[in-house]
Amino acid sequence: MSIVSKKGDDGWTTLIDGSSVEKSDLQPSGYGTVDELFSFSGVLKSLCKENNIIIQDKGSAVDVLDKIQQRLIVLMAELATPKKMVSTLLKDRIKEEDIIFIEELIYDLENKTGKIDGFVIP
């Protein structure tokens, strides 16, 4: 199956249940933003692999980023599913333990690097 449909979209996209929404709708905007984070984390994972980066008490940064990317895929699926269909269409969902994992990772990294006291411009 090709990823190119040759149909055009006229500014519309299809959700998991087959319904269509405008690309400017909150759902596509949300999962599009998460997809950008997913892509950036892939670049970061590649750099961490090249440099054998280890996160204290968490192990390989590549393994941590793999876990984050797996959960981002779940989040994008949730965002691409109409709310009324989430419980019937999705077997895996974002859970409180996912949020706790990210929060603990942030606290661990802040303890190592210090808290940020302003915006960082890359």
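Where a number appears in this text, it was derived from the coordinates with a stated rule and is not lab data. As the structure is a prediction and not an experimental result, all values here were calculated from the model. When we count neighbours, we look across all protein chains shown, and the Cβ atoms used for this are built from the backbone with ideal geometry, even at glycine.
Across region 102-116, coupling constants 3J(HN,Hα) worked out from phi with the 6.51/-1.76/1.60 Karplus curve, θ = phi - 60°, read 5, 4, 5, 4, 4, 4, 4, 5, 5, 5, 7, 9, x, 6, 7 Hz, and Gly and Pro carry x. Counting only alpha carbon atoms, the long axis of helix 26-50 and the longest principal axis of the chain meet at about 40°. In this label model, Leu105 and Ser24 are separated by 3.4 nm, measuring between points 7 Å along each Cα→Cβ vector.
Projected label points at Thr14 and Lys95, each 7 Å from Cα along the beta carbon direction, are separated by 3.2 nanometres. Which of the residue pairs Lys23/Lys49; Lys45/Lys112; Lys23/Lys45; Lys23/Lys83; Lys58/Lys83; Lys58/Lys115 have a Cα-Cα distance greater than 24 Å in the structure shown? Pairs exceeding 24 Å: Lys23/Lys49; Lys23/Lys45; Lys58/Lys83.
Each residue in Phe40, Phe101 was given a count of other beta-carbon atoms within 10 angstrom of its own, and listing them fewest first yields Phe40, Phe101.
The label-point distance for Glu36 and Asn52, in a model that sets each label 7 Å from Cα toward Cβ, rounds to 3.5 nm. For Arg93, no residue 5 or more places off, or on another chain, has a built amide H under 5 Å of its own. Straightening the chain between Leu44 and Lys84 buys 10.9 nm, computed as 0.36 nm per residue apart minus the Cα-Cα spacing. Between (i) 15.0, 47; (ii) 17.6, 51; (iii) 15.2, 51, which matches Rg and Dmax of the Cα atoms in Å calculated for the structure shown? Structure-derived value, by its label: (ii).
Please go through region 6-80 and write out the trypsin sites (Lys or Arg not before Pro) that DSSP classes as loop and that have at most 15 other C-beta atoms within 10 Å.
Qualifying residues, ordered by number: Lys6, Lys7, Lys23, Lys58.
Projecting the Cα atoms of Ala77, Thr33, Gln56 onto the dipole axis of region 20-113, where Lys and Arg carry +1 and Asp and Glu carry -1 at the beta carbon, places Ala77 farthest toward the positive end.
Dipole magnitude for the chain: about 340 debye, using +1 per Lys or Arg Cβ and -1 per Asp or Glu Cβ, origin at the Cα centre.
Please give the calculated 222 nm ellipticity per residue for the chain, where each DSSP H segment of at least 4 residues contributes -39500 (n - 2.57) and the sum is spread over every residue; nearest 500 deg cm²/dmol?
Working: 4 runs with 66 residues, N = 122.
Calculated at 222 nm, the ellipticity per residue is -18000 deg cm²/dmol.
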